[in-house]
Amino acid sequence: MGRLIAVVLFVALLVPGVLLGRAWGLASGQRTVAAGAVELAEPTPEGLAVLRRQAAHGKRLRLLGLLLGVAGILASVVLLAEASVFLWVPVLTVGLLAGVLLGEATRPRPRWALSSPPRRPRLGELVSGWLVWTMRGVVLAELVTAGAMWREGDLGGTVFWAVAGVPLAAWLTAEVALLRVLVRPLPADGADVPVDEALRTWTAHLVTAAASVTALLPFGTLLLRAGLDLGDRVTEGIDVTPVALVAGGFSALAAGLAVGVFLFGWLRPVRSTAPALAG
């Protein structure tokens, strides 16, 4: 009976990760709709210039993130020698995600005329509120878990600041980017509205996905470690806590990898073929 309970609990705790992956799969449809609206519209010259400038800006910042990741790997090799090999993938991943977040949070403001009186979109029109609040909840859960393990002595000071500081910084950067897309007024020219909506939609999904991955992967790792440590203890009766922690860890890791896969789909910049059609 105890094994059955453990199996049922393990499967049940995998469900949230599956649901999160499905939600991001459905978000791909929103990307298709936004991109299709841009293709059908004929943006103004200012709108086309904005598309080119935004794409170039994002590319530069993502390249910077890649360079930061490589620099972090080199620094880890210098400090830790061969022991740093286990840090190469996490450090490079953090650098790449940092490039995505910084690129979206620092996007230059479009130079087209703004609507008067100013009209602004709602967050729910750009990205699913469930995805945004899940991102915030995962960051909070990761910080609480890291803090609890640090107080128990399971995490060293350096490790704690790494696993807590990186998700916190990613979340704050994502919130800045989300705030920017909400406070900027819509363009005055109706032909540029689809371009503006697509750019906002891209930014909202990119920062939400990047911050989610930054929190989900360390959160899953912490849960797995806590579950495995508890599993080594000798207890009387049935103790489902280790099973719950391990299942939650697997779920978080799987969800983080799934969101990372969907994140790649949003990295392609918004494009318009209107000039080619006109020619």
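Odds and ends about this structure:
- Cα→Cβ-extended label distance, 7 Å offset, between ARG60 and LEU172, nm: 2.4 nm
- About the centre of its Cα atoms, segment 120-181 shows a dipole size close to 320 debye [charges on the beta carbon of Lys, Arg (+1) and Asp, Glu (-1) only; nearest 20 debye].
- When +1 charges are put on Lys and Arg Cβ atoms and -1 charges on Asp and Glu Cβ atoms, the dipole computed for segment 2-273 relative to its Cα centre reaches about 860 debye.
- Degrees between helix 157-183 axis and first principal axis of the chain (Cα, 0 to 90, nearest 10): 30 degrees
- Amide H contacts of ARG107 (H built 1.01 Å from N, in plane; Pro and chain starts excluded): no residue 5 or more places away or on another chain comes under 5 Å.
- Relative to the longest principal axis of the Cα atoms of the chain, the long axis of helix 241-266 lies at roughly 20 degrees.
- Multiplying each eigenvalue of the alpha-carbon gyration tensor of segment 2-273 by 5 and taking the square root yields semi-axes of 39, 22, 15 Å, largest first, rounded to whole angstroms.
- Derived scalar couplings between HN and Hα for segment 141-150 equal 4, 5, 5, 5, 5, 4, x, 5, 5, 5 Hz in order, rounded to whole Hz, by the Karplus curve 6.51 cos²θ - 1.76 cosθ + 1.60 (θ = phi - 60°), x for Gly and Pro.
- Positive-end residue, segment 2-273 charge dipole about Cα centroid, Cβ charges, pick of GLY156, GLY129, VAL213: GLY129
- Taking Cβ atoms as reference points and 14 Å as the exclusive limit, the residues near PRO167 contribute a net charge of -1, counting Lys and Arg as +1 and Asp and Glu as -1.
- Electrostatic bookkeeping for GLY65 treats Lys and Arg as +1 and Asp and Glu as -1; over the other residues with beta carbon under 12 Å from its beta carbon, the sum is +2.
- Dipole orientation for segment 2-273: of the candidates THR241, ALA56, PRO16, ALA56 has the Cα lying most toward the positive pole (charges on Cβ; Lys, Arg +1; Asp, Glu -1).
- Principal-axis tilt of helix 88-105 within the chain, Cα atoms, nearest 10 degrees: 30 degrees
- Here the spin labels are modelled as points 7 Å beyond Cα on the Cα-Cβ line, and at ALA81 and TRP161 they lie 2.4 nm apart.
- The share of alpha-carbon pairs in segment 1-130 lying farther apart than 26 Å comes to 52%.
- Take every pair of alpha-carbon atoms less than 8 Å apart whose residues are at least six positions apart; their mean separation over the length of the chain yields a relative contact order of 31 percent.
- Pairwise FRET efficiency - ARG122 versus GLN30, Cβ, R0 = 25 Å, nearest 0.05: 0.95
- Segment 60-162 - charge dipole about Cα centre, Lys and Arg +1 at Cβ, Asp and Glu -1, debye rounded to 20: 880 debye
- Summary of the geometry: segment 169-192 and segment 47-110, compared by the centres of their Cα atoms, lie 21 Å apart.
- Between LEU114 and ALA188, the built amide H atoms are under 5 Å apart, and every one of these is 5 or more places off in sequence or on another chain.
Just so you know, all these numbers are worked out from the coordinates, no wet-lab data involved. Fair warning: this is a prediction, and the values are worked out from it, not measured in the lab. All Cβ positions, glycine included, derive from the backbone under ideal geometry; neighbour counts span all protein chains shown.
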